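First up is the structure itself, then whatever we jot down about it.
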Amino acid sequence: MLNLADEKLIPVEMEHAISWTTLPEALALLSADRVEGFEGLMAHQRQPWFLFLVQLAAMALAVDDQSELPAAIDADQWHRRLLALTPGVEGTAWSLLVPDHQQPALLQPPIRDAAAWARMQPLASTPDGVDVLITAKNHDVKQARIGAAQPHHWLFALVSLQTSQGFLGRGNFGIARMNGGFGSRMLLELVPGMSWGTRFRRAVDVALNQRRDLRKHHPDDYAFGPDAHRLLWLLPWDREEALPIPTLDPCFVEVCRRVRLITDADGRCVALGRPSDSTRVEAKERKGLLDDPWIPINLATGGAYTVSGEGFRYDRVADLLFDTTKVKLPAAVHTLTGDPQTMHLHLSVLVRGQGKTEGLHDRVLPLKPAAMRRILREGDRERAHEVARRMVGDAKTTLKAVKTGLLCQIQGAPEKINFEDKRATHMLEALDEAIDGVFFDHLWRILEAEDADPRDADAMDRANLDWWRSLHRLSQRAFERGCQQLPPPSARRERSRVLANALYRGVMNKNMPLPKRDDPDAPEPGESQTEDAA
């Protein structure tokens, strides 16, 4: 049966060793912040697995009318609460392999109609054959690479498939918590630290707070009583009916595909599947807006925020955090009672496109109190966005200066530079990455200077000047490196280098002038190691 409620099937990394646990034991260890990781959990599976555990925990506590995660909660308490979520089917609902297809299995809805079961077809013989990835980009994972799969491989793959998959051809619909089949389920959270337990405890409290607010202010939007559908794999999926949102608990765990695990003639675990004519949840008009506390709202589309293939570049993140005309931030970035002054902003997403995966993106930004205040207050967000937009403009000017200088040299100082020339692209991309590495440190310093005393123009000027110095320093290194690696035509070497240098410095000094005798290579007080490495 492979029952996760009672069998030790989950490999938890703790104290530099692997401990095999049941699902209740894993939740207890997370609650005590003793988990360092999960053996066999691939990078793109971390976010779905984390949110799955959080949603389970929040609903299990809500059944007991708990308003927050208790300071101490043991495995026996979690076991009792998990079974309370599956009344009448406790024996199979937490099992990966259930021979009787008329009974629910973990993340596998029951199929009670014999004709419907007969139409099930072989889907995959390995866990990653059912997993979310279409191609491997940025995370170097290939499909069907796991040979001797263990139960936890199937577990992680099922969670990833059923709670984060997008559209994949006719009859293979995606989840409700994304805007369209080619969207993505983003996570944006404010956390005191990045350990599994620290994130888990805060996320459970966030989910419970959100659920309580919805019950108070929007009681008809979701179901909150004993009849609420919480774990959608408990419901038979024989026909093509879609489940209405008002019948679901706000924290519901969905299943987007008809999948069942069975054992083949050789005793190996394999997956069966069958396409559907509609999504499992009736949510197309919601555009992914299901009050998920980790998903921002795109105000322009009126749907869940979808991350592009560029991921969390500094300019994208600045707009996401501070552009009040385009983005409404989710509940998970609001402070909770007991939060420390210094927090971290965590962004994570697996970006998908049409017929491809466009990259796994994960970013953590340490936040100082000034930055946190700017994120949380609408008026302060607008002012911070003005500062960030100006800084993004400075970065673009810096890239333009280096590009102009390098193309001048490469092309032998022509009368008219061909800006379509791509030979300097890799140098510019490296410079942009270096700017990305220091952008938010300087943004926080500028905001901090403003917060300290808005009347102290000198402090703000110093913070701005430090930012310009960084851009001069990074761009000068990139320009000199480019000049060495991208030589000009030999007949015009000297002229090309002189004019290239003049063009580069001209753009920088015109737009971001430094004080006379200011050496951009001189170390600054508190200069970050990131800048030195860049």
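Every number here is computed from the coordinates shown, using simple stated rules; none is lab data. Since we're looking at a predicted model, the values are computed, not measured. Quick reminder, even Gly has a Cβ in these numbers, built from the backbone with ideal geometry, and neighbours come from all protein chains shown.
So the values come out like this:
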quantity: Cα shape, segment 208-294, gyration tensor, a/c 1.5 rule; calculated: prolate
quantity: Förster-model FRET efficiency, 56 Å R0, L299 and A491, C-beta, rounded to 0.05; calculated: 0.50
quantity: Estimated FRET transfer efficiency (D227, K284; beta-carbon r; R0 35 Å; 0.05); calculated: 0.90
quantity: Amide H contacts under 5 Å for E282, placed H, 5+ residues apart; calculated: L243, I245
quantity: Residues in segment 318-352 reached by a label modelled at S195 [backbone nitrogen below 13 Å; 7 Å Cα→Cβ]; calculated: none
quantity: Where trypsin sites (Lys or Arg not before Pro) fall in DSSP loop in segment 320-352, at most 14 other Cβ within 10 Å; calculated: none
quantity: Global form of segment 370-533, assessed from the alpha-carbon gyration tensor, a/c cut-off 1.5; calculated: prolate
quantity: In degrees, nearest ten, helix 151-164 long axis to first principal axis of the chain (Cα); calculated: 70 degrees
quantity: Length released on extending from D421 to T342, taking residue separation times 0.36 nm less the Cα-Cα span; calculated: 23.9 nm
quantity: Using alpha-carbon coordinates, inclination of helix 425-452 to the longest axis of the chain, degrees; calculated: 90 degrees
quantity: Charge-dipole axis of segment 287-430 as Lys and Arg at +1 and Asp and Glu at -1 on Cβ define it, positive-most pick from H426, L329, Q409; calculated: Q409
quantity: Per-pair calculated FRET efficiency, R0 = 45 Å: W117 and R383 via Cβ, rounded to 0.05; calculated: 0.15
quantity: Amide proton proximity set for E358, modelled H, under 5 Å, gap of 5+; calculated: V351, R352, G353
quantity: Ranked E285, E415, E241, criterion: other C-beta atoms within 10 Å, fewest first; calculated: E415, E285, E241
quantity: Alpha carbon centroid spacing (whole Å) that separates segment 474-507 from segment 227-250; calculated: 64 Å
quantity: Which of H79, H426 has the fewest Cβ neighbours within 10 Å, and the rest in rising order; calculated: H426, H79
quantity: Whole-number Å³ per residue for the convex hull built on Cα positions in segment 10-363; calculated: 141 Å³
quantity: Virtual spin-label span in nm between R390 and M14, 7 Å along Cα→Cβ; calculated: 5.1 nm
quantity: Angle in degrees between helix 196-217 and the longest Cα principal axis of the chain, rounded to the nearest 10; calculated: 70 degrees
quantity: Loop sites in segment 395-437: trypsin sites (Lys or Arg not before Pro), DSSP, at most 13 other Cβ within 10 Å; calculated: K416, K422, R423
quantity: For the chain, size of Cβ-based charge dipole, Lys and Arg +1, Asp and Glu -1, in debye; calculated: 1900 debye
quantity: Prolate/oblate/rounded label for segment 1-140 (Cα gyration tensor, a/c 1.5); calculated: oblate
quantity: Filtered trypsin sites (Lys or Arg not before Pro), segment 7-90: DSSP coil and at most 16 other beta carbons within 10 Å; calculated: K8, R34
quantity: Positive-pole candidate from I446, Q485, A26, dipole of the chain, charges at beta carbon; calculated: Q485
quantity: Size of charge dipole - segment 394-525 - debye, nearest 20, with Cβ of Lys, Arg +1 and Asp, Glu -1, no other charges; calculated: 1080 debye
